[in-house]
Amino acid sequence: MKSLFDTSAHTELLERIENIQENSIPLWGEMNAAKMFAHCCGPLKVSLGKLELEKPNFMMKFMLSFFRTSLYDDKPWKKGLPTTKEYKITQDTNFGNSKKELIDLINEFHAKKDQTTWPVHPYFGSFTPEQWGMMQYKHLDHHFTQFGV
């Protein structure tokens, strides 16, 4: 699995972003490009300690534990998976602002490639730096693929 910490993967994702236009049509799902960019900011903010997610109850945390490795393995995610409420973008979003914020967060995350201590994920627990990098790449790849890039 590629990692957002890898320079080549970082460059690849930034190039793919440039191929998504405001009027790009998703191959699946309901988000437009601006909302997708805003949505993709959420997991990056969590990893950077800029967004706190509501902690799940014991039963939900137990159920989520079965999906933990799917966050960073080589299998593509299914289309239309549910997302946590903090990542749902319900209001109109400015394309340019969302795109810039996402690029800034991608760059900030990549710049921390040598960081060894990361926040504990409220749903899934502790991750190694390698797992954080793979998760971020996989999430961005999933949504950029959603827009055909």
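The set of residues in region 89-105 that are of a type in the set (A, V, I, L, M) and over 29 Å from Met60 (Cβ atoms) contains only Ile103. Summed over region 51-78, the residues that are crowded, with 18+ Cβ neighbours inside 10 Å and closer than 20 Å to Glu101 by Cβ give a count of 0. Looking across region 1-50 at every residue that is over 17 Å from Ser98 (Cα atoms) and of a type in the set (Val, Ile, Thr), the one that is surrounded by the most Cβ atoms within 10 Å (Cβ to Cβ) is identified as Thr11. Among the residues here, Ile89 does not qualify as at pLDDT 95 or above and among the β-branched types (Val, Ile, Thr). If you go through region 1-43 and keep only what is of a type in the set (Ser, Thr, Tyr) and either farther than 22 Å from Tyr72 by Cβ or touching a helix residue (DSSP H, G or I) at 6+ places or on another chain (Cβ under 6 Å) (or both), you end up with Ser3, Ser24. Within region 116-142, being surrounded by 18 or more Cβ atoms within 10 Å (Cβ to Cβ), part of a helix (DSSP H, G or I) and of a type outside the set (Phe, Trp, Tyr) holds for Gln131, Gly133, Met134, Met135, Gln136, Lys138, His139, Leu140, Asp141. When region 117-136 is filtered for residues that are closer than 20 Å to Glu52 by Cα and not hydrophobic (A, V, I, L, M, F, W, C), the ones remaining, listed by number, are Thr117, Pro119, His121, Pro122, Tyr123, Gly125, Ser126, Thr128, Pro129, Gln131, Gly133, Gln136.
Selection of region 60-106 for residues being among the basic types (Lys, Arg) and under 20 Å from Phe37 (Cβ atoms) yields Lys79, Lys85, Lys88, Lys99, Lys100.
Screening His110 against (1) at pLDDT below 95; (2) within 25 Å of Glu15 (Cβ to Cβ); (3) not in a loop (DSSP other than H, G, I, E, B) leaves a single unmet condition, (1).
Take the conditions surrounded by 10 or more Cβ atoms within 10 Å (Cβ to Cβ), without any contact (Cβ under 8 Å) to a residue 40 or more places away in the chain and over 19 Å from Gly133 (Cα atoms) and apply them to Leu81. Does it pass? Criteria met by Leu81. Scanning region 49-87 for residues that are within 21 Å of Arg16 (Cβ to Cβ) and under 14 Å from the mean Cα position of the chain (by Cα) turns up Leu71, Tyr72, Pro76, Trp77, Leu81, Thr83, Tyr87. Scanning region 54-79 for residues that are of a type in the set (A, V, I, L, M, F, W, C) and in contact with a Lys or Arg (Cβ under 9 Å, 6 or more places away or on another chain), we see that the one that is modelled with the lowest pLDDT is Trp77.
The values are calculated or read from the model by the stated rules, or taken from the named source; none is laboratory data. Computed from a predicted structure; not experimentally measured. Note that we place each Cβ from the backbone using ideal geometry, even for glycine, and neighbour counts take in every protein chain shown.
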